[in-house]
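Structure first, then comments.
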Amino acid sequence: AAENDDVSSDEDEVLEESPCGRWQKRKDEVTQKDVPGIDATYLAMDTEEGVEVVWNEMQFSERKKFRLQKSRLEKTFNNLTKLRHNNIVKFYKYWIDDKSEGPRVIFITEYMTSGSIGQFLRRSKKNKKGVNLKMWKRWCRQILYALSYLHACDPPITHGGLTCDTIFIQHNGLIKIGSVAPDAINDHVKTYSAPRRNLHYISPEYGQGVYTGVDIYAFGVCALEMASMELQGNGNSEDADSHSPPVGSHEAILVAVEKLEDASQKAKQSRGRLC
């Protein structure tokens, strides 16, 4: 019993506090698989509300670039704190730590206890379970509600990193998109200098700039992945076996569409729309 108490005490240890003292960062890390722009995520405690939240950290690689981007970042994150939608992970607060060796942007978000859709799909595939049509439609509608809200903002907000691992499930089954990685942080955060993963979510036009259309393309890939349980991987050819087309290639996407058993899903994916 004493040993268990010690373990619990270690997990509850406060590593850092927000400048206002409201949010306390703990040792427990939160799994955010392959989310570009976010370098580390930890459980934290909201001492005013008494609930667990997520402490997100973005580490900038160069102090000079950070200074040039600081005002743009502040404007972007101020806008993110104003977002209010049932299908978007709540964004509570952010602050900038430019006193440490590597400048950081730290922001607090809602804790989604049931994990991501990506995690759900991987577990379901392992257990040879699929996503039924009713659930698939409900998930798709909620994702589209959230994207419609973001794209209708002035100026429009592009998520820019939508994957099944940045779409989360609340304990009551509500779907929320999170991990918004706006264009303001691209190429300046450490994780953007690492090899990009999940390439199959990236539209062919992505290199021409980040705009709302890239989110719609990524949504289509998410919908296909949820329906087919295929396209699992990082979007790299090495993720597929020697008898399969590269994961996320045009050929692989067409194969996944053809494998869909439900005629209505196949029709919607083929037309590239959801009714």
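The values are calculated or read from the model by the stated rules, or taken from the named source; none is laboratory data. Everything quoted here is computed from the prediction, not taken from an experiment. Positions of Cβ are generated from backbone atoms using ideal geometry, with glycine treated the same way; all protein chains shown enter the neighbour counts. Calculation scope for accessible area: heavy atoms of the full protein, side chains included, ligands and nucleic acids excluded. Shrake-Rupley method; radii C 1.70, N 1.55, O 1.52, S 1.80 Å.
Taking the conditions exactly as written (surrounded by fewer than 17 Cβ atoms within 10 Å (Cβ to Cβ), of a type in the set (S, T, N, Q) and in a loop (DSSP other than H, G, I, E, B)), does SER124 satisfy them or not?
Here the answer is no, as SER124 does not meet what is asked.
Listed here are the strands (runs of 3 or more DSSP E) enclosed by region 34-107 that have at least 2 residues being open to solvent by less than 20 Å² (accessible area, probe 1.4 Å), of a type outside the set (S, T, N, Q) and in contact (Cβ under 8 Å) with a residue 12 or more places away in the chain: 40-46, 51-59.
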